[in-house]
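> The structure under discussion is supplied below as structure tokens; questions concerning it will follow.
The values are calculated or read from the model by the stated rules, or taken from the named source; none is laboratory data. Bear in mind that the values here come from a model prediction, so they are computed numbers and not experimental data. As a convention, Cβ positions derive from the backbone with ideal geometry for all residues, glycine included, and neighbour counts pool all protein chains shown. Surface accessibility is based on the protein's heavy atoms, side chains included, excluding ligands, DNA and RNA. Shrake-Rupley method; radii C 1.70, N 1.55, O 1.52, S 1.80 Å.
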Amino acid sequence: MGIIFGLSDMVFNHRIFSDLSFRLLILLRAISHLGLTLLLLTLTFNLAQNFGRRGSFDPLMLDFMNTGVLSKTSLVILIYTGVISILFGLFRQINGMFGPGMMKNLLTGKYHKPQEEARIFMFLDLKSSTTYAERLGHKLYSELIQDCFSDLTEAIKQQKAQVYQYVGDEAVLTWPLKEGLEDGHCLKAYFTFEQSIQDRASYYFNKYDLVPVFKAGVNCGWVMTAEVGVVKKEIAYHSDVLNTAARIQGRCNELGHRLLISEFLFDALPQLDEYIFKEEGIVPLKGKKKKVVLYSVEPKVPIVHQFEFSE
């Protein structure tokens, strides 16, 4: 049952179900689990009838062998399956709203008192967003953002990222320092996302007459992590590290690069032979007195961009 239910859940994780509401998705999962349970009970009943030795079973199993899926045992199993399926569906959706690992931290009270952590932050922002919004109108533009952040999911899962915030057309990803540096997850997340969009370039071009391009700024350092809010609780990060990452992203257009990182992250990264790092010099950042050395990052094997427009 565990294997079959696991395979069923993998089906419901497919992109074609992403547009369904939480309520409908939970209901469909429960119905599929009940149907599979009924199928397994029927199969078990037939096997018991053909191969079972009645003297070796307890009364509950004998009741099942006599009446099959209409037995009290079957009814209890079906009710149990339905209730558990709905509860796990609710838990899954709530966990998805908080993001990987965040719900566990809230439930355990890990950050009830502020704690200092070393973290990496990536600020992702849609290029030419104002132009796109004017061209598409607010409804189609909102659908574009939904599609983009849906494509971001694969990068989040593969590269062990956590989503801190979605703000308009911007997403903020974060990693504990060790996890983000390992195998270059904090850089691979950007290029995995870029590849996901290019894999669906024809879809974006046919629906929106454009293929979205994102720019990103990445920084690392010490932050204070705390649980905030009463009516709506969330995990918040407080540090100049975030402000610097946002400012770095803001220099992408001016320097003509899609991905810029700080010297602090560059010095901390392990050797990554698949990327080309180029020092962009000491760059002043808006709102900051201290200048920061920035590095651009490009893959040695470039991602082919289709239908790309320059605004």
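> Using a cut-off of 12 Å between beta-carbons, work out the net charge of the residues near Gly180 (Lys and Arg +1, Asp and Glu -1, Gly180 not included).
Numbers: positive: Arg119, Lys160, Lys178, Lys188; negative: Glu117, Glu179, Glu182, Asp183.
Its environment carries a net charge of 0.
> At 0.36 nm per residue, and after removing the present C-alpha to C-alpha distance, how many nm does the segment from Arg200 to Asp267 gain when stretched out fully? Write down the numbers at each step before the final one.
On the way: separation 67, 0.36 × 67 = 24.12 nm, distance 3.45 nm.
Full extension of this stretch gives 20.7 nm more.
> Take every Cα-Cα distance within the range 123-238, group them into 10 Å bins from 0 onward, and report for each bin the whole-number percent of pairs it holds.
Cα pair-distance distribution for the range 123-238, in percent: 12, 41, 31, 15, 1.
> Here's another thing I want to ask about it. Would you mind calculating the relative contact order of the range 201-311 from Cα pairs under 8 angstrom and at least 6 residues apart, reporting the percent as a whole number? All intermediate terms of the calculation are to be shown ahead of the outcome.
Working: 163 pairs, mean separation 28.8, N = 111.
Relative contact order of the range 201-311: 26 percent.
> Moving to a separate point now. Tally Lys and Arg at +1 and Asp and Glu at -1 over the other residues with C-beta under 13 Å from the C-beta of Pro270: what net charge comes out?
Working: positive: Lys178, Lys188; negative: Glu179, Glu182, Asp183, Asp267, Asp273, Glu274.
Result for the local shell: -4.
> Okay, moving on. A 21 angstrom limit on the alpha carbon distance is what I want to check against. Which of Lys188/Lys232; Lys178/Lys232; Lys110/Lys232 exceed it?
On the way: Lys188/Lys232 32 Å; Lys178/Lys232 29 Å; Lys110/Lys232 17 Å.
Correct reply: Lys188/Lys232; Lys178/Lys232.
> So what is the diffusion coefficient of the range 125-170 in µm² per second by Stokes-Einstein at 37 °C and 0.692 mPa s, using a Kirkwood Rh over Cα pairs? Please list the in-between numbers first.
Working: Rh = 11.5 Å.
The Stokes-Einstein estimate is 285 µm²/s.
> Counting only protein heavy atoms and using a 1.4 Å probe, what share of the accessible area of the range 155-311 belongs to carbon plus sulfur, as a whole percent?
Working: 4160 of 7860 Å².
Accessible surface attributable to carbon and sulfur in the range 155-311 totals 53 percent.
> Would you mind putting 247-255, 177-185, 277-285 in packing order, based on average other-beta-carbon counts within 10 Å, highest first?
The peptides rank, most packed first, as 247-255, 177-185, 277-285.
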